[in-house]
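What follows is one structure encoded as structure tokens, with my remarks underneath.
The values are calculated or read from the model by the stated rules, or taken from the named source; none is laboratory data. These figures come from a predicted structure and were not determined experimentally. Note that we place each Cβ from the backbone using ideal geometry, even for glycine, and neighbour counts take in every protein chain shown.
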Amino acid sequence: MNLLSGYNLDLNIQLKVLEDIILSNKILNEVLVRTNSLNIENYYIGAGCIAQTVWNYLSNKPLDYGISDIDFFYFDNSSLESSEEDKVIRAAEELYSDLKIKVDVKNQARVHLWYEGHFGYPIDPYINLESAINTWPTTATAIGIRIGLNNEFKVYAPFGLNDLFGKTVRANKTRITEDIYNKKVVKWLSKWPDLKIISWNN
């Protein structure tokens with residue numbers, strides 16, 4: 001692979017390539033720039049919208065191709081009432097109302113309260129945002145980015161960036177089930193058929 005693919009390069013180079021790609025996605029760039037007005041410091045834009053932007057770049061597709069939503073994750077355990085999360089959701093809906101891709105907002109401090117009802121099994125509360133990202137379904141999509149102080153591009157990627165740049169889909173079995181993983185694989189292959197899929201049993 002060439003230099004611009006980011007695959008198997010020094011981490012600092014990978015981070016710069018990633019930043020260039022993400023900021024070239026006009027919608028993601030708008031979300032990141034506008035987020036400061038929400039006055040939420042402890043957040044990440046993450047998961048599928050990041051990986052899929054990179055896949056699109058590597059596959060010479062429009063950078064927003066196939067992205068159904070933009071995941072906005074924050075962590076606030078000062079109040080676990082759904083009404084407090086709803087306030088942030090409404091503020092984000094207003095802030096991003098003109099964007100053609102929906103921004104999906106979730107307080108990761110509350111996930112354990114609804115997870116069992118949605119997925120069928122309970123989980124322990126997350127202690128911070130990073131502990132949540134550590135459990136996200138695949139190594140390539142376990143990633144969060146934000147614009148920090150002084151417009152610094154911040155990345156949290158517990159499994160590194162090689163699977164992301166290598167277009168490799170590999171299960172992170174910390175929490176995901178085989179059935180959920182296989183459904184994701186089918187969905188993603190329909191849009192990015194050149195992905196390299198690592199089977200659940202490998």
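Please verify whether residue 166 is crowded, with 18+ Cβ neighbours inside 10 Å and more than 15 Å from the chain's Cα centre (by Cα), treating the condition exactly as stated. Here the answer is yes, as residue 166 does meet what is asked. For segment 186-202, filtered to residues that are out of contact with any helix residue (DSSP H, G or I) (no Cβ under 6 Å at 6 or more places or on another chain) and farther than 19 Å from residue 162 by Cβ, the residue that is modelled with the lowest pLDDT is 201.
The single condition among (1) modelled with pLDDT of 95 or more; (2) out of contact with any Pro (no Cβ under 9 Å at 6 or more places or on another chain); (3) within 25 Å of residue 177 (Cβ to Cβ) that residue 68 does not meet is (1). Checking each residue of segment 74-84 against the condition of being among the charged types (D, E, K, R), more than 20 Å from residue 5 (Cβ to Cβ) and in contact with a helix residue (DSSP H, G or I) (Cβ under 8 Å, 6 or more places away or on another chain) gives at least one match.
With respect to residue 22, determine if the residue is more than 22 Å from residue 135 (Cβ to Cβ) and among the β-branched types (Val, Ile, Thr). If you could, list the steps in order and put the result at the bottom.
Values: more than 22 Å from residue 135 (Cβ to Cβ): yes; among the β-branched types (Val, Ile, Thr): yes.
Here the answer is yes, as residue 22 does meet what is asked.
Scanning segment 64-99 for residues that are part of a loop (DSSP other than H, G, I, E, B) and acidic (Asp, Glu), we see that the one that is nearest to residue 125 (Cα to Cα) is 76. The set of residues in segment 46-63 that are assigned to a helix (DSSP H, G or I) and crowded, with 22+ Cβ neighbours inside 10 Å comprises 48, 49, 50, 51, 52, 53, 54, 55, 57. So, in segment 136-193, exactly how many residues are more than 27 Å from residue 124 (Cα to Cα), outside any loop (DSSP other than H, G, I, E, B) and touching a strand residue (DSSP E or B) at 6+ places or on another chain (Cβ under 9 Å)? Within segment 136-193, residues that are more than 27 Å from residue 124 (Cα to Cα), outside any loop (DSSP other than H, G, I, E, B) and touching a strand residue (DSSP E or B) at 6+ places or on another chain (Cβ under 9 Å) number 7.
Being at pLDDT 95 or above and either aromatic (Phe, Trp, Tyr) or surrounded by 20 or more Cβ atoms within 10 Å (Cβ to Cβ) (or both) is the filter here; which residues of segment 147-163 pass it? Matches in segment 147-163: 156, 157, 159, 161, 163.
From 63, 38, 80, 58, which residue is in contact (Cβ under 8 Å) with a residue 40 or more places away in the chain and over 15 Å from residue 24 (Cβ atoms)? Break it down stepwise before answering.
On the way: 63 fails: over 15 Å from residue 24 (Cβ atoms); 80 fails: in contact (Cβ under 8 Å) with a residue 40 or more places away in the chain; 58 fails: over 15 Å from residue 24 (Cβ atoms).
That would be 38, the only listed residue that is in contact (Cβ under 8 Å) with a residue 40 or more places away in the chain and over 15 Å from residue 24 (Cβ atoms).
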